[in-house]
Amino acid sequence: MRMRTAGRVGRCLRIWVSAALGAQAPSCFPPGPSIHRGEGQCRWVPRGGKTRMATDGLHESETLAALRSEAEGLKGKLEEERAKLHDVELHQVAERVEALGQFVMKTRRTLKGHGNKVLCMDWCRDKRRIVSSSQDGKVIVWDSFTTNKEHAVTMPCTWVMACAYAPSGCAIACGGLDNKCSVYPLTFDKNENMAAKKRSVAMHTNYLSACSFTNSDMQILTASGDGTCALWDVESGQLLQSFHGHGADVLCLDLAPSETGNTFVSGGCDKKAMVWDMRSGQCVQAFETHESDINSVRYYPSGDAFASGSDDATCRLYDLRADREVAIYSKESIIFGASSVDFSLSGRLLFAGYNDYTINVWDVLKGARASILFGHENRVSTLRVSPDGTAFCSGSWDHTLRVWA
């Protein structure tokens with residue numbers, strides 16, 4: 001028997017038994033010990049100060065397997081007690097809410113200009129301009145009202161998988177297979193050489209999958225195929241904080257909508273959605289209920305919950321206060337993965353783009369599909385609601401973007 005393993009299980013038992021169930025802790029688990037590890041051993045130091053091994057006082061019949069079995073049983077009881085504390089299920093609340101009436105959304109603008117798959121897009125806060133990136137290696141800034149191209153940048157690589165507008169609207173960030181996040185300032189001179197003013201801010205050891213400015217133009221968050229997220233200073237390119245915890249490629253991230261902006265959520269190929277504290281670099285919450293890669297995460301407008309879209313053909317809603325999944329948005333007829341999700345401004349609707357070329361509109365409270373939108377001729381790869389909530393834009397592998405309202 002390894003002392004370290006036994007000590008860890010014993011510590012869990014002491015906490016569960018004495019704190020949660022109110023039972024008397026065994027004598028081998030003294031109250032309030034500290035743990036000292038070294039040279040492959042684990043020693044208990046009780047408040048009295050005398051060092052004791054974690055296995056002291058155990059009967060010969062008490063094996064590690066028995067301890068583990070008891071620990072699992074206690075854990076199950078704790079989960080049952082925790083479930084009793086839940087106020088009410090989401091579907092029970094929704095029963096008292098009026099159903100959504102019929103609504104019609106159509107394609108109002110089609111933006112054509114990319115020569116290959118559109119991979120990412122973002123709105124400017126002026127509610128009019130859009131930046132998009134593509135497998136053709138180009139990043140284009142559009143006027144969504146007129147469909148005109150205002151700026152175009154050719155990147156040094158194909159598969160530009162991430163792009164973002166700065167809060168001021170005076171710069172864009174983008175990156176992809178070059179492993180970098182580059183920032184380009186925007187000017188009124190459409191003929192100016194933007195590549196000459198390029199600033200390389202972030203450098204990962206694998207492809208850049210997502211990027212997002214914080215609440216200012218001075219800091220940017222990035223996610224990468226190297227399994228990490230990172231916070232960078234735009235001016236100096238200095239790494240301010242790194243976030244380690246995912247076990248595979250990180251595919252998406254979203255910054256909390258609060259003014260402080262101290263947390264963000266990320267999702268990846270390890271099927272996990274993780275909430276991070278930007279100041280400490282620590283993961284504060286983790287959710288692992290998806291059965292495949294998480295392609296997209298988006299905060300609820302209030303910041304108290306977030307939605308995720310996955311290759312398992314479902315979208316899910318997680319309540320951060322309840323620390324659990326509260327809704328699953330799926331149908332038996334939907335067998336293709338969800339690539340991108342976003343909420344309406346009120347939070348009542350969840351827009352989700354799928355690999356079957358469609359966009360499904362979900363009633364967040366009732367969990368029912370409110371509408372299905374057709375128009376793209378290939379998989380929908382990205383989707384974002386405009387800052388004023390009056391429209392949303394989708395990008396597709398059919399080389400186009402569509403503005404819906």
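Here are the numbers:
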quantity: Cleavage-rule hits, GluC sites (Glu not before Pro), the range 71-145, DSSP coil, Cβ neighbours within 10 Å at most 16; calculated: Glu89, Glu95, Glu98
quantity: Prolate/oblate/rounded call for the range 365-405, Cα gyration tensor, a/c under 1.5 rounded; calculated: oblate
quantity: Probe 1.4 Å - accessible area at Tyr207, Å² to nearest ten; calculated: 40
quantity: J(HN,Hα) series, the range 178-187, from Karplus relation 6.51 cos²θ - 1.76 cosθ + 1.60, nearest Hz, glycine and proline x; calculated: 7, 6, 10, 10, 10, 10, 10, x, 9, 10
quantity: Whole-Hz ³J(HN,Hα) from phi, Karplus 6.51 cos²θ - 1.76 cosθ + 1.60, for the range 100-106, glycine and proline x; calculated: 6, x, 5, 9, 10, 10, 10
quantity: The range 84-175: chymotrypsin sites (Phe, Trp or Tyr not before Pro) in DSSP loop, at most 12 other beta carbons within 10 Å; calculated: Phe103, Phe145
quantity: Residues with amide H under 5 Å from that of Gly113, placed H, sequence gap 5 or more; calculated: none
quantity: Under the Karplus curve 6.51 cos²θ - 1.76 cosθ + 1.60, θ = phi - 60°, whole-Hz ³J(HN,Hα) for the range 389-396, x wherever Gly or Pro sits; calculated: x, 8, 7, 9, 10, 10, x, 9
quantity: Cα-Cα over 21 Å, subset of Lys106/Lys127; Lys149/Lys198; Lys112/Lys149; Lys117/Lys197; Lys106/Lys138; Lys127/Lys149; calculated: Lys117/Lys197; Lys106/Lys138
quantity: With DNA, RNA and ligands ignored, accessible area of Asp233 (1.4 Å probe; Å², nearest 10); calculated: 40
quantity: Mean projected area in nm² (Cα convex hull; one quarter of hull surface) for the range 329-385; calculated: 3.6
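The values are calculated or read from the model by the stated rules, or taken from the named source; none is laboratory data. Being a predicted model, the structure only gives us computed values, none of them experimental. Positions of Cβ are backbone-derived with ideal geometry, glycine not excepted, and every protein chain shown enters the neighbour counts. Side chains included, ligands, DNA and RNA excluded: accessible areas come from the protein's heavy atoms. Shrake-Rupley method; radii C 1.70, N 1.55, O 1.52, S 1.80 Å.
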